[in-house]
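Colleague: Before we start, here is the structure in question, set down as structure tokens.
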Amino acid sequence: MSAPILLQGKSRSVLVLIAVVLIGGLWAWRPMRTKALIRSYARAVGGEKQSIHSDLRAHPASFGRGIAWGIRTKEFRAAAMDLIDESAADEFPAAPVAGAAADMFRSDDAEDREAAGKVFALLGQRGTTELQVALSGMSDMESRSAALGHILEAGDAGQDAVARYYISLFRSPEVAVRKRSRLQLRDLGPSASMPLIEGLRDGNVWVRLFCPHTLADRGEKRAVLALIQGLGDSEPDTGVKVAIGDALLRITGFAGRAHHPDLWRAWWKDNQHKYPPQILP
């Protein structure tokens, strides 16, 4: 083999090696920069925080990994939680953050478990899937109850997150699971009503069927208008319409209207002044 050919082969190898080093450096640099920005955010004040937040948003995937790192690190945990709270749903992927929080539920440190609950409360609907996976992976009911308890400790946001978790279980093929979820939702606080009302428009028929029953279990008078709207022609399932009509009868005590939307609309026009401000999806 001639010398020029050998040199050519070596040149290619060197170029490939340089490319690998550059790509590897770039792959490592981005997370390092993100961590540095979160450290800076933790110490920043006023408008400086907003400027750092804008820099972080420029790279959503790195932003999500950075927040996941931040919540695991007690020194920067408060800053990471603030970033979750201040960020819109599409500014970073929730999966790595929720995954990190799920791991923290298994920590021996009570502070870590409490922080995990707050993270899921802040994530709300964004973390529902990961929360379901995390809780299903827990071997005993006591661990699941403790994890949900930590989320509920976060107040209204925690109530909302736990409600969304139980509503997601309405999709289960097991009747017993759906019934247990309905019982748990019945006893949650007022903040659980909004996810239930949103569930009236869910794409899953079991969710649309169980949400009216659960709202009636709760005696939720703020859901009357949403239920009446749910009786409209856009609902294809007769069973769901019957469930909505039954829920309206139970909440209002007004008999004889069954599941006919026009009759309920006329009734609402004359009686809406008797009810609190309504929650609409």
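Colleague: Rounding to the nearest 10 and keeping the result within 0 to 90°, find how far the Cα-based axis of helix 205-217 lies from the longest principal axis of the chain.
Modeller: That helix lies at roughly 60 degrees to the long axis.
Colleague: A follow-up question, please. Between A61 and R265, what FRET efficiency follows from the Cβ-Cβ distance if R0 is 35 Å, with the result rounded to 0.05?
Modeller: Working: r = 48 Å, r/R0 = 1.36.
According to the calculation, E is roughly 0.15.
Colleague: So what's the angle, to the nearest 10 degrees on a 0 to 90 scale, between helix 94-104 and the longest Cα principal axis of the chain?
Modeller: 90 degrees
Colleague: Would the chain count as rounded, prolate or oblate if I go by the C-alpha gyration tensor, calling it rounded below 1.5 in a/c and otherwise prolate when a/b exceeds b/c, oblate otherwise? It would help to have the intermediate numbers written out before the result.
Modeller: Details: a/c = 2.53, a/b = 2.21, b/c = 1.15.
Note, shape of the chain comes out prolate.
Colleague: Continuing with this model, one more query. Could you tell me the relative contact order of the chain? Use alpha-carbon pairs under 8 Å, at least six residues apart, and round to a whole percent. Show your work: numbers first, answer last.
Modeller: Working: 348 pairs, mean separation 28.4, N = 281.
This gives 10 percent for the chain.
Colleague: Could you tell me the relative contact order of the stretch 170-281? Use alpha-carbon pairs under 8 Å, at least six residues apart, and round to a whole percent.
Modeller: The value is 27 percent.
Colleague: Suppose each label sits 7 Å from its Cα in the direction of the beta carbon; what would the A89-H273 distance come out to in nanometres?
Modeller: Placing both labels 7 Å along Cα→Cβ, they lie 3.8 nm apart.
Colleague: Just to compare against my own numbers: the Cα pair-distance distribution for the stretch 175-281, 10 Å bins, whole % per bin, please.
Modeller: Spelled out per bin, shortest first, that is 15, 53, 29, 3.
Colleague: With labels modelled as points extended 7 Å from the Cα through the Cβ direction, what inter-label distance (nm, one decimal) is found for S145 paired with R33?
Modeller: Label-label distance for S145 and R33, simple model: 4.9 nm.
Colleague: How far is helix 175-186 tilted off the main Cα axis of the chain, in degrees rounded to 10, range 0 to 90?
Modeller: So the helix axis and the longest Cα principal axis differ by about 80 degrees.
Colleague: Before rounding to the nearest 500, sum -39500 (n - 2.57) across all DSSP H runs of length at least 4 in the chain and divide by the residue total; then give [θ] at 222 nm in deg cm²/dmol.
Modeller: Working: 15 runs with 198 residues, N = 281.
Calculated from helices alone, the mean residue ellipticity at 222 nm is -22500 deg cm²/dmol.
Colleague: If a/c stays under 1.5 just call it rounded; otherwise compare a/b with b/c (prolate if a/b is bigger, oblate if not). Do that for the stretch 58-154, with a ≥ b ≥ c from the square roots of the Cα gyration tensor eigenvalues. Don't skip to the answer; put the middle values down first.
Modeller: Details: a/c = 1.92, a/b = 1.54, b/c = 1.25.
Verdict is prolate for the stretch 58-154.
Colleague: Still on this structure: Could you give the length gained by full extension between V175 and V45, i.e. 0.36 nm per residue of separation minus their alpha carbon distance, to one decimal place? Kindly include the intermediate steps, with their values, before the conclusion.
Modeller: Values: separation 130, 0.36 × 130 = 46.80 nm, distance 5.17 nm.
Contour length minus Cα-Cα distance gives 41.6 nm.
The numbers here are math on the coordinates, done by the rules we state, and not lab data. All values derive from a computational prediction rather than experimental measurement. We place every Cβ from the backbone using ideal geometry, glycine too, and count neighbours over all the protein chains shown.
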